[in-house]
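Please find one structure pasted underneath; my questions will follow.
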Amino acid sequence: MVNIAVIGTGYVGTVAAVAFAAIGHQVTGIEVDPVKLSALRTGTVPFHEPGLDERLRHELAQGRISFTDDLAAGVAGTRVVFLCVGTPPGPDGRPDLSMLRAAAAQVGSALADGAIAVTKSTVPIGWGGELRTIIAGTHPAGADARFGVVSNPEFLREGSATHDFLYPDRVVIGGDDEDAVDEVARMYRPILEQTFPGGNRSLQPALIRTDVATAETIKYAANGFLATKIAYINEIARICDSAGADVEIVAEAVGLDHRIERKFLNAGTGYGGSCFGKDLAALSTYGEDHGIELPILDAVNPSNIIQRNQVVGKLRAALGDLTGRRVAILGLSYKPNTDDLREAPSITIVESLLAAGARVVAYDPIVKGLPTAPGIAIARDAYEAATGADAVVLVTEWSEFDDLNFRELSRVMAGDVFIDGRNRLDPAAVTEGGLRYMGMGRR
Ligand code: UDX
């Protein structure tokens, strides 16, 4: 058991805090926002993540986790301090490190002798060096301060975050000091050996021990590759649309090659979320700052925006001028099982539709409005959204849309266009229901 402090209880911080408690560590979560703090103390997670509230309540009841807004008190006496503060995209594409720098300075002044500062936030490559300088600058022992600096990036997906944390493919620990890496690796032993209650002994997560800069680069390289893979299949889907080919069969066949594999080859309305767009922008700005040409990485985000707008192009092709046309949007969150709207394709699609003069009615199982388009109507279910609509667009593949009754949709709609923005539905079933099916690169 190790005493751990987790600074910042956003997505990554809350999941990490709860998961570290679940594998037996004593965790103090540090949160400055009073509303979030009181929610967490009473066992309520301030965002939607399936199963996390229950796990949090369990760990609170076991006494393995507590929350405070007093960073100095929370950090003093802990061996390992995880920095999980948000690094949102700044106006120029570079991550905004102001909150992280402020937290690091406070950590420095409270860090116990020999303790380790671990960065979990996604940070520009090279941050580890800056973290060392910031801590040394505020540590009471000044230049004589003894502390470790480690990078331990996180690869969790929203909607399955706790599972991803507890059952990872790999754990990456980068440090400039072997002892610090050893200590963080020991903390992860219950996960690496799957010995925590509920662990899966047949799983053997890899441990990647490396230096700080390599660990920081691994995070960007993984997200950059996944985003590129999605943008790539979406470009193939555009070719399929033009050629009358079927991207689903293309992806299946291509994915059977073990060197490529089928995962993350799902064509759709493009990727969203807080990571992919931001991390690619950070890679591009790294190239700019260091004079490195990165034409592939530079092209991925622009390609993704083009993909989001394919839906509007398809609506124009089917309906002509969109002025006054009514379009129902099914799904607003950037992916199912989350209420997160950051970089959601729905935002771009709705904005383009409104700019084209269309009227938009949306329905999402959890999200009840688009802050960027407060004027759009929000329906209580898919059928209410579709009532009187010329077209329905499935933007986010929530599982409840798998059971749509297409006859009923067709009965309440004014038109018959159905765009399956995620290639999720059976085209034959949609057509049999009396609707005109259009997928993304799908026949
Ligand atoms: C991602 C990474 O998967 C995770 O490892 C990282 O740490 C954070 O970013 P997340 O954003 O939660 O996680 O979701 P993910 O499931 O990866 O999906 C991201 C976006 O890509 C979603 O909008 C999703 O709809 C889209 N996507 C995913 C596709 O369009 N096609 C695919 O084949 C896969």
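Just so you know, all these numbers are worked out from the coordinates, no wet-lab data involved. What you are looking at is a predicted structure, and each value in this text was computed from that prediction instead of being measured. Counting neighbours? That spans all protein chains shown, and the Cβs are built from the backbone with ideal geometry, glycine included.
Where does the charge balance sit around ALA267 when Lys and Arg score +1, Asp and Glu -1, over other residues with C-beta under 14 Å from its C-beta?
Taking every Cβ under 14 Å from that of ALA267, the sum is +3.
Continuing with the same structure: Compute the long axis of helix 345-355 from its Cα atoms, compare it with the longest principal axis of the Cα atoms of the chain, and write down the angle in degrees, 0 to 90, nearest 10.
50
Enumerate by residue number the GluC sites (Glu not before Pro) in region 274-375 meeting two conditions: DSSP loop (anything except H, G, I, E, B), and at most 12 other Cβ atoms within 10 Å of the site's Cβ.
Loop-located and lightly packed - GLU293.
Another one. Anything over 25 Å Cα to Cα? Flag those among LYS36/LYS229; LYS36/LYS120; LYS263/LYS335; LYS314/LYS335, in the order listed.
Among LYS36/LYS229; LYS36/LYS120; LYS263/LYS335; LYS314/LYS335, the Cα-Cα distance tops 25 Å for LYS36/LYS229.
Counting only C-alpha contacts under 8 Å and six or more residues apart, can you give the relative contact order of region 328-426 as a whole percent?
Answer for region 328-426 is 31 percent.
In whole Å, what is the distance between the alpha-carbon centres of region 186-210 and region 375-412?
Result: 43 Å between the Cα centres.
Moving on. Report the Rg/Rh value for the chain, based on alpha-carbon coordinates and the Kirkwood definition of Rh.
1.01
Sticking with this structure for a sec: Net charge near CYS84: determine it from the other residues with C-beta under 12 Å of the C-beta of CYS84, scoring Lys and Arg +1 and Asp and Glu -1.
My count for the surroundings of CYS84 gives -1.
What size of dipole, in debye to the nearest 20, comes out for the chain about its Cα centre when the only charges are +1 on Lys and Arg C-beta atoms and -1 on Asp and Glu C-beta atoms?
Here the size comes out at about 640 debye.
Same structure again: Cα-Cα pairs above 20 Å in region 268-416: how many percent?
Counting every Cα pair in region 268-416, those more than 20 Å apart make up 51 percent.
Let me ask something else. With an 8 Å cut-off on Cα pairs and a minimum separation of 6 or more residues, tell me the relative contact order of the chain in percent.
Relative contact order, the chain: 11 percent.
Then there's this: Taking 2.2 N^0.38 Å as the expected size of a compact globular protein, what ratio does the Cα radius of gyration of region 145-298 give against it, to two decimals?
1.26
Let me ask something additional. I'm checking a number: the convex hull volume of the Cα atoms of region 363-427, normalised per residue, in Å³. What is it?
Per residue, the Cα convex hull of region 363-427 comes to 89 Å³.
Taking the Cβ of GLY357 as the center, what net charge do the other residues with Cβ under 13 Å away carry, scoring Lys and Arg +1 and Asp and Glu -1?
+1
Setting aside same-chain residues fewer than 8 positions from LYS278, which aspartates and glutamates have a Cα under 14 Å from its Cα?
Cross-link targets: ASP92, ASP96, ASP298, GLU343.
Helix 127-138: angle to the longest alpha-carbon principal axis of the chain, degrees 0 to 90, nearest 10?
40
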